[in-house]
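The values are calculated or read from the model by the stated rules, or taken from the named source; none is laboratory data. Note that the structure is a prediction, hence the values are computed from the model and not measured. Here Cβ is always computed from backbone atoms with ideal geometry, including for glycine, and neighbour counts include all displayed protein chains.
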Amino acid sequence: MSEYKKIGVWQTAFLGDAVLTLPMLRALKDRFPEAEVHFYVRGGFESLFSGQPEITAVHGFAKRGVQKSLNAAVRLGWEIGQQGFDLWISTHTSLRTALVSGATGIGRRIGYNAPWFNRIAYTETVDRRFNELPEIERLMELVRPLGIDGPAPMAELVLFEEARRAASEYWEAADFDRPVLGIHPGSTWPTKCWPVEYFSEIAARAADSGAHVLIFAGPGEEDVARQVERGAGRDSAHITNLAGKLTLPELAAFLGRLDAYLSNDSGPMHLAWTQGVPLVALFGPTVESLGFFPRGSNSTVMETALECRPCGLHGPRKCPEGHFRCMKNVTPDAVWVELRKKLGI
(Lines give C-alpha, C1' and ligand atoms only; values in the text may rest on other atoms or scores of the structure.)
Protein backbone atom coordinates (compact mmCIF):
# COMPACT_ATOMS: atom_id res chain seq x y z
CA MET A 1 0.00 0.00 0.00
CA SER A 2 1.33 3.41 -1.00
CA GLU A 3 2.13 5.88 1.76
CA TYR A 4 0.23 8.88 0.53
CA LYS A 5 1.60 12.33 1.33
CA LYS A 6 -1.20 14.68 0.33
CA ILE A 7 -4.86 13.62 0.48
CA GLY A 8 -7.90 15.60 -0.62
CA VAL A 9 -11.39 14.81 0.71
CA TRP A 10 -14.37 16.44 -0.99
CA GLN A 11 -17.68 16.92 0.90
CA THR A 12 -19.61 19.99 -0.24
CA ALA A 13 -23.13 18.93 0.78
CA PHE A 14 -24.95 20.23 3.85
CA LEU A 15 -23.49 20.95 7.29
CA GLY A 16 -24.57 17.64 8.80
CA ASP A 17 -23.06 15.71 5.90
CA ALA A 18 -19.71 17.40 6.48
CA VAL A 19 -19.80 16.62 10.21
CA LEU A 20 -20.59 12.96 9.49
CA THR A 21 -17.37 12.78 7.46
CA LEU A 22 -15.21 13.32 10.59
CA PRO A 23 -14.81 9.61 11.47
CA MET A 24 -13.56 8.83 7.97
CA LEU A 25 -11.10 11.73 8.15
CA ARG A 26 -9.84 10.41 11.48
CA ALA A 27 -9.40 6.94 9.99
CA LEU A 28 -7.42 8.38 7.07
CA LYS A 29 -5.09 10.27 9.37
CA ASP A 30 -4.58 7.21 11.58
CA ARG A 31 -3.65 5.13 8.52
CA PHE A 32 -1.43 7.81 6.93
CA PRO A 33 -0.12 9.86 9.88
CA GLU A 34 2.50 11.70 7.83
CA ALA A 35 0.06 12.79 5.12
CA GLU A 36 -1.51 16.20 4.74
CA VAL A 37 -5.30 15.86 4.78
CA HIS A 38 -7.17 18.66 3.00
CA PHE A 39 -10.93 18.94 3.49
CA TYR A 40 -13.11 20.64 0.85
CA VAL A 41 -16.48 21.85 2.17
CA ARG A 42 -19.31 24.14 1.15
CA GLY A 43 -18.23 27.77 1.41
CA GLY A 44 -19.00 29.23 4.84
CA PHE A 45 -18.22 26.05 6.80
CA GLU A 46 -14.44 26.43 6.79
CA SER A 47 -14.11 27.96 10.25
CA LEU A 48 -16.06 25.13 11.86
CA PHE A 49 -13.53 22.48 10.87
CA SER A 50 -10.31 24.48 11.09
CA GLY A 51 -9.60 23.19 14.60
CA GLN A 52 -9.75 19.49 13.69
CA PRO A 53 -6.33 17.99 14.50
CA GLU A 54 -6.53 15.46 11.64
CA ILE A 55 -7.08 18.17 9.00
CA THR A 56 -4.16 20.14 7.56
CA ALA A 57 -6.31 22.73 5.79
CA VAL A 58 -9.99 23.39 5.05
CA HIS A 59 -11.04 24.83 1.69
CA GLY A 60 -14.42 26.35 0.86
CA PHE A 61 -16.26 25.74 -2.41
CA ALA A 62 -18.72 28.48 -3.42
CA LYS A 63 -21.21 26.07 -5.00
CA ARG A 64 -24.01 28.63 -4.77
CA GLY A 65 -21.78 31.58 -5.66
CA VAL A 66 -18.96 32.38 -8.05
CA GLN A 67 -18.07 28.69 -8.52
CA LYS A 68 -21.57 27.43 -9.29
CA SER A 69 -21.11 26.89 -13.04
CA LEU A 70 -19.88 23.59 -14.47
CA ASN A 71 -17.03 25.44 -16.20
CA ALA A 72 -15.92 26.81 -12.83
CA ALA A 73 -15.99 23.28 -11.42
CA VAL A 74 -13.69 22.03 -14.17
CA ARG A 75 -11.31 24.99 -13.66
CA LEU A 76 -11.18 24.29 -9.94
CA GLY A 77 -10.39 20.65 -10.65
CA TRP A 78 -7.49 21.67 -12.88
CA GLU A 79 -6.17 23.99 -10.15
CA ILE A 80 -6.40 21.29 -7.50
CA GLY A 81 -4.62 18.89 -9.81
CA GLN A 82 -1.57 21.19 -9.83
CA GLN A 83 -1.19 21.14 -6.03
CA GLY A 84 0.59 17.83 -5.55
CA PHE A 85 -2.22 15.58 -4.31
CA ASP A 86 -1.60 11.86 -4.68
CA LEU A 87 -4.98 10.66 -3.35
CA TRP A 88 -8.47 12.10 -3.85
CA ILE A 89 -11.63 10.88 -2.11
CA SER A 90 -15.07 12.24 -2.92
CA THR A 91 -18.05 11.60 -0.67
CA HIS A 92 -20.47 13.51 -2.90
CA THR A 93 -22.34 12.16 -5.94
CA SER A 94 -23.34 15.20 -8.02
CA LEU A 95 -22.30 15.84 -11.64
CA ARG A 96 -20.46 18.98 -10.56
CA THR A 97 -18.46 16.98 -8.03
CA ALA A 98 -17.61 14.39 -10.69
CA LEU A 99 -16.37 17.16 -12.99
CA VAL A 100 -14.13 18.60 -10.25
CA SER A 101 -12.78 15.16 -9.37
CA GLY A 102 -12.13 14.03 -12.91
CA ALA A 103 -10.48 17.31 -13.88
CA THR A 104 -7.92 17.01 -11.08
CA GLY A 105 -6.17 14.17 -12.87
CA ILE A 106 -4.91 12.95 -9.48
CA GLY A 107 -3.41 9.47 -9.83
CA ARG A 108 -5.82 7.74 -7.46
CA ARG A 109 -9.37 9.01 -7.18
CA ILE A 110 -11.98 7.11 -5.17
CA GLY A 111 -15.72 7.76 -5.30
CA TYR A 112 -19.04 5.93 -5.26
CA ASN A 113 -20.05 3.81 -8.26
CA ALA A 114 -23.30 5.70 -8.88
CA PRO A 115 -24.49 7.74 -10.69
CA TRP A 116 -23.06 6.28 -13.89
CA PHE A 117 -20.77 9.25 -14.64
CA ASN A 118 -18.80 8.53 -11.47
CA ARG A 119 -17.25 5.53 -13.19
CA ILE A 120 -15.64 7.97 -15.63
CA ALA A 121 -14.58 10.56 -13.05
CA TYR A 122 -12.78 8.20 -10.66
CA THR A 123 -10.02 5.66 -11.04
CA GLU A 124 -11.80 3.47 -8.47
CA THR A 125 -15.40 3.26 -7.30
CA VAL A 126 -17.15 1.49 -4.43
CA ASP A 127 -20.75 0.56 -3.71
CA ARG A 128 -22.34 3.07 -1.36
CA ARG A 129 -24.66 0.36 0.06
CA PHE A 130 -27.23 3.05 0.81
CA ASN A 131 -29.99 0.67 1.90
CA GLU A 132 -27.67 -1.41 4.07
CA LEU A 133 -25.47 0.97 6.08
CA PRO A 134 -25.82 4.21 8.09
CA GLU A 135 -24.07 7.24 6.61
CA ILE A 136 -20.87 7.06 8.66
CA GLU A 137 -20.39 3.43 7.62
CA ARG A 138 -21.23 4.32 3.99
CA LEU A 139 -18.45 6.88 4.09
CA MET A 140 -16.05 4.31 5.51
CA GLU A 141 -16.63 2.20 2.38
CA LEU A 142 -14.61 4.82 0.48
CA VAL A 143 -11.47 4.02 2.46
CA ARG A 144 -11.77 0.23 2.46
CA PRO A 145 -9.67 0.05 -0.75
CA LEU A 146 -6.87 1.75 1.24
CA GLY A 147 -6.69 -1.12 3.70
CA ILE A 148 -8.70 0.68 6.38
CA ASP A 149 -10.96 -1.92 7.97
CA GLY A 150 -12.85 -2.24 11.21
CA PRO A 151 -15.39 0.10 12.79
CA ALA A 152 -15.43 3.83 12.18
CA PRO A 153 -13.56 5.91 14.77
CA MET A 154 -15.67 7.99 17.12
CA ALA A 155 -16.82 11.29 15.64
CA GLU A 156 -15.49 14.20 17.68
CA LEU A 157 -15.83 17.86 16.75
CA VAL A 158 -12.81 19.88 17.89
CA LEU A 159 -13.16 23.66 17.94
CA PHE A 160 -10.64 26.47 18.01
CA GLU A 161 -9.96 27.98 21.43
CA GLU A 162 -11.56 31.30 20.39
CA ALA A 163 -15.00 29.70 19.99
CA ARG A 164 -14.67 27.69 23.20
CA ARG A 165 -13.63 30.84 25.05
CA ALA A 166 -16.71 32.72 23.83
CA ALA A 167 -18.97 29.99 25.21
CA SER A 168 -17.06 29.81 28.49
CA GLU A 169 -17.28 33.58 29.00
CA TYR A 170 -21.01 33.57 28.26
CA TRP A 171 -21.64 30.82 30.81
CA GLU A 172 -19.54 32.64 33.42
CA ALA A 173 -21.38 35.92 32.83
CA ALA A 174 -24.80 34.23 32.93
CA ASP A 175 -23.87 32.35 36.12
CA PHE A 176 -26.54 29.73 35.48
CA ASP A 177 -27.88 28.20 38.68
CA ARG A 178 -30.01 25.66 36.82
CA PRO A 179 -29.65 23.19 33.92
CA VAL A 180 -29.49 24.75 30.46
CA LEU A 181 -31.69 23.48 27.63
CA GLY A 182 -30.96 24.53 24.07
CA ILE A 183 -33.65 24.44 21.40
CA HIS A 184 -33.22 24.96 17.67
CA PRO A 185 -36.59 25.32 15.89
CA GLY A 186 -35.33 25.94 12.34
CA SER A 187 -34.23 23.85 9.37
CA THR A 188 -33.41 24.37 5.70
CA TRP A 189 -36.37 22.11 4.92
CA PRO A 190 -39.79 23.38 6.13
CA THR A 191 -41.30 19.91 6.60
CA LYS A 192 -38.44 18.99 8.95
CA CYS A 193 -39.62 21.67 11.39
CA TRP A 194 -41.64 20.68 14.44
CA PRO A 195 -44.56 23.13 14.93
CA VAL A 196 -43.50 26.45 16.45
CA GLU A 197 -46.16 26.23 19.15
CA TYR A 198 -44.74 22.87 20.25
CA PHE A 199 -41.29 24.41 20.72
CA SER A 200 -42.90 27.26 22.67
CA GLU A 201 -44.63 24.77 24.94
CA ILE A 202 -41.35 22.99 25.68
CA ALA A 203 -39.58 26.29 26.37
CA ALA A 204 -42.31 27.31 28.82
CA ARG A 205 -42.33 23.96 30.59
CA ALA A 206 -38.55 23.91 30.88
CA ALA A 207 -38.42 27.43 32.34
CA ASP A 208 -41.22 26.63 34.78
CA SER A 209 -39.53 23.39 35.82
CA GLY A 210 -36.18 24.90 36.75
CA ALA A 211 -34.16 25.06 33.52
CA HIS A 212 -32.81 27.99 31.54
CA VAL A 213 -33.69 27.90 27.84
CA LEU A 214 -31.40 29.15 25.06
CA ILE A 215 -33.05 29.53 21.64
CA PHE A 216 -30.68 29.09 18.69
CA ALA A 217 -31.29 29.92 15.04
CA GLY A 218 -29.25 30.03 11.89
CA PRO A 219 -29.30 32.75 9.20
CA GLY A 220 -32.84 33.30 7.98
CA GLU A 221 -34.34 31.56 11.00
CA GLU A 222 -34.52 34.60 13.27
CA ASP A 223 -38.27 35.03 12.82
CA VAL A 224 -39.14 31.50 13.89
CA ALA A 225 -36.93 31.96 16.96
CA ARG A 226 -38.87 35.11 17.87
CA GLN A 227 -42.14 33.23 17.40
CA VAL A 228 -40.98 30.51 19.79
CA GLU A 229 -39.92 33.12 22.35
CA ARG A 230 -43.21 35.01 22.11
CA GLY A 231 -45.22 31.81 22.26
CA ALA A 232 -43.54 30.70 25.48
CA GLY A 233 -45.01 33.82 27.03
CA ARG A 234 -43.70 33.45 30.56
CA ASP A 235 -40.63 33.57 32.76
CA SER A 236 -38.62 35.50 30.20
CA ALA A 237 -35.78 35.76 32.72
CA HIS A 238 -35.11 32.09 32.02
CA ILE A 239 -35.56 32.13 28.22
CA THR A 240 -32.85 33.77 26.09
CA ASN A 241 -33.03 34.19 22.33
CA LEU A 242 -29.55 33.96 20.76
CA ALA A 243 -30.72 34.03 17.14
CA GLY A 244 -28.28 35.91 14.90
CA LYS A 245 -25.76 36.49 17.70
CA LEU A 246 -23.32 33.62 17.14
CA THR A 247 -20.87 32.56 14.46
CA LEU A 248 -21.02 28.93 13.35
CA PRO A 249 -18.04 27.88 15.53
CA GLU A 250 -19.56 29.78 18.47
CA LEU A 251 -22.88 28.01 17.94
CA ALA A 252 -21.06 24.69 18.08
CA ALA A 253 -19.22 25.73 21.25
CA PHE A 254 -22.43 26.89 22.92
CA LEU A 255 -24.11 23.60 22.04
CA GLY A 256 -21.20 21.76 23.61
CA ARG A 257 -21.93 23.41 26.98
CA LEU A 258 -25.63 22.46 27.12
CA ASP A 259 -27.17 20.03 29.60
CA ALA A 260 -29.68 18.96 26.92
CA TYR A 261 -30.65 19.94 23.40
CA LEU A 262 -33.87 19.76 21.37
CA SER A 263 -33.53 19.97 17.61
CA ASN A 264 -35.14 19.15 14.32
CA ASP A 265 -33.24 16.79 12.01
CA SER A 266 -30.71 19.42 10.96
CA GLY A 267 -27.02 20.31 10.82
CA PRO A 268 -26.80 21.67 14.40
CA MET A 269 -28.11 18.32 15.66
CA HIS A 270 -24.84 16.79 14.45
CA LEU A 271 -22.80 19.57 16.07
CA ALA A 272 -24.34 18.56 19.40
CA TRP A 273 -24.03 14.78 19.44
CA THR A 274 -20.43 14.86 18.21
CA GLN A 275 -19.67 16.70 21.45
CA GLY A 276 -21.54 14.20 23.62
CA VAL A 277 -24.47 16.53 24.37
CA PRO A 278 -27.67 14.73 25.49
CA LEU A 279 -30.25 15.48 22.84
CA VAL A 280 -33.72 14.79 21.53
CA ALA A 281 -33.96 14.87 17.73
CA LEU A 282 -37.32 15.28 15.99
CA PHE A 283 -37.69 13.24 12.80
CA GLY A 284 -40.74 13.76 10.56
CA PRO A 285 -40.40 13.44 6.77
CA THR A 286 -37.08 11.66 7.24
CA VAL A 287 -36.51 8.46 9.21
CA GLU A 288 -33.68 7.11 11.29
CA SER A 289 -33.16 4.24 8.83
CA LEU A 290 -31.95 6.67 6.13
CA GLY A 291 -28.74 6.70 8.15
CA PHE A 292 -28.26 10.37 9.06
CA PHE A 293 -29.26 10.04 12.71
CA PRO A 294 -27.46 11.26 15.87
CA ARG A 295 -25.22 8.63 17.41
CA GLY A 296 -24.51 7.75 21.01
CA SER A 297 -26.39 6.63 24.10
CA ASN A 298 -27.23 10.26 24.93
CA SER A 299 -29.20 10.70 21.69
CA THR A 300 -32.93 10.03 21.40
CA VAL A 301 -34.82 10.16 18.09
CA MET A 302 -38.53 10.98 18.40
CA GLU A 303 -40.71 9.93 15.48
CA THR A 304 -44.13 8.49 14.72
CA ALA A 305 -45.01 5.50 12.55
CA LEU A 306 -46.81 6.48 9.33
CA GLU A 307 -47.00 4.67 5.99
CA CYS A 308 -46.08 7.88 4.13
CA ARG A 309 -42.70 8.18 5.87
CA PRO A 310 -40.15 8.88 4.59
CA CYS A 311 -41.33 11.23 1.87
CA GLY A 312 -37.81 12.06 0.68
CA LEU A 313 -34.15 12.09 1.57
CA HIS A 314 -34.42 15.63 2.97
CA GLY A 315 -38.14 16.33 3.12
CA PRO A 316 -40.16 18.34 0.60
CA ARG A 317 -41.16 21.98 0.94
CA LYS A 318 -44.75 20.95 1.79
CA CYS A 319 -46.32 17.77 3.15
CA PRO A 320 -47.35 15.70 0.08
CA GLU A 321 -50.34 14.33 2.00
CA GLY A 322 -51.42 17.71 3.32
CA HIS A 323 -51.71 16.62 6.96
CA PHE A 324 -48.14 16.93 8.37
CA ARG A 325 -48.94 14.25 10.94
CA CYS A 326 -45.33 13.06 10.95
CA MET A 327 -44.49 16.11 13.06
CA LYS A 328 -47.83 16.97 14.64
CA ASN A 329 -48.16 13.49 16.14
CA VAL A 330 -44.89 13.88 18.04
CA THR A 331 -46.42 15.66 21.00
CA PRO A 332 -44.82 18.09 23.45
CA ASP A 333 -45.91 15.75 26.26
CA ALA A 334 -43.89 12.86 24.84
CA VAL A 335 -40.87 15.04 24.10
CA TRP A 336 -40.90 16.62 27.53
CA VAL A 337 -40.77 13.19 29.19
CA GLU A 338 -37.48 12.51 27.39
CA LEU A 339 -36.02 15.97 27.97
CA ARG A 340 -36.74 15.91 31.71
CA LYS A 341 -34.68 12.74 32.02
CA LYS A 342 -31.75 14.38 30.26
CA LEU A 343 -32.02 17.61 32.25
CA GLY A 344 -32.43 15.79 35.57
CA ILE A 345 -35.36 17.96 36.68
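What the table below lists for this structure:
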read-out: From the options VAL196, VAL180, VAL126, residue that is over 18 Å from the mean Cα position of the chain (by Cα) and crowded, with 21+ Cβ neighbours inside 10 Å; value: VAL180
read-out: Test set (1) in a loop (DSSP other than H, G, I, E, B); (2) over 22 Å from the mean Cα position of the chain (by Cα) - PRO294 fails condition number; value: (2)
read-out: Subset of the range 137-158 (residues that are under 17 Å from the mean Cα position of the chain (by Cα) and among the acidic types (Asp, Glu)); value: GLU137, GLU156
read-out: Per-region count, the range 183-193, residues in a helix (DSSP H, G or I) and either in contact with a Leu (Cβ under 6 Å, 6 or more places away or on another chain) or crowded, with 20+ Cβ neighbours inside 10 Å (or both); value: 2
read-out: Residue list for the range 193-222, restricted to those being at positive phi and touching a strand residue (DSSP E or B) at 6+ places or on another chain (Cβ under 9 Å); value: none
read-out: Residue in the range 141-161 that is surrounded by the most Cβ atoms within 10 Å (Cβ to Cβ), counting only those that are assigned to a helix (DSSP H, G or I) and in contact with a Gly (Cβ under 9 Å, 6 or more places away or on another chain); value: LEU142
read-out: Restricting the range 85-101 to residues that are in a helix (DSSP H, G or I) and not β-branched (Val, Ile, Thr), the residue that is surrounded by the most Cβ atoms within 10 Å (Cβ to Cβ); value: SER101
read-out: Selection status of GLY284, farther than 18 Å from ILE136 by Cα, small (Gly, Ala, Ser) and buried (at least 23 other Cβ atoms within 10 Å of the Cβ); value: yes
read-out: Positions within the range 203-216 being part of a helix (DSSP H, G or I) and surrounded by 13 or more Cβ atoms within 10 Å (Cβ to Cβ), in sequence order; value: ALA203, ALA204, ARG205, ALA206, ALA207
read-out: Those residues of the range 1-34 which are surrounded by 19 or more Cβ atoms within 10 Å (Cβ to Cβ) and in a loop (DSSP other than H, G, I, E, B), in sequence order; value: TYR4, THR12, THR21, PHE32
read-out: Yes/no for PRO219 being in a helix (DSSP H, G or I) and surrounded by fewer than 20 Cβ atoms within 10 Å (Cβ to Cβ); value: no
read-out: Residue in the range 271-290 that is more than 20 Å from ILE183 (Cα to Cα), of a type in the set (Gly, Ala, Ser) and more than 18 Å from the chain's Cα centre (by Cα) present; value: no
read-out: Looking only at the range 45-70, and only at residues there that are touching a residue at least 60 places away in the same chain (Cβ under 8 Å) and part of a helix (DSSP H, G or I), the one that is surrounded by the most Cβ atoms within 10 Å (Cβ to Cβ); value: LEU48
read-out: Residues of the range 229-264 satisfying the condition of being within 17 Å of ARG178 (Cβ to Cβ) and in a helix (DSSP H, G or I); value: ALA232, SER236, ALA237, HIS238, PHE254
read-out: Lone qualifier among ASP175, ASP235 - being at positive phi, in the same structural domain as GLN275 (by TED's automatic domain parsing) and at pLDDT 95 or above; value: ASP175
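Here's the yes/no breakdown for (1) surrounded by 16 or more Cβ atoms within 10 Å (Cβ to Cβ); (2) over 22 Å from the mean Cα position of the chain (by Cα); (3) modelled with pLDDT of 95 or more:
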site: MET302; (1), (2), (3): yes, no, yes
site: CYS311; (1), (2), (3): yes, no, no
site: GLY315; (1), (2), (3): yes, no, no
site: GLY322; (1), (2), (3): no, yes, no
site: TRP336; (1), (2), (3): yes, yes, yes
site: LYS341; (1), (2), (3): no, yes, yes
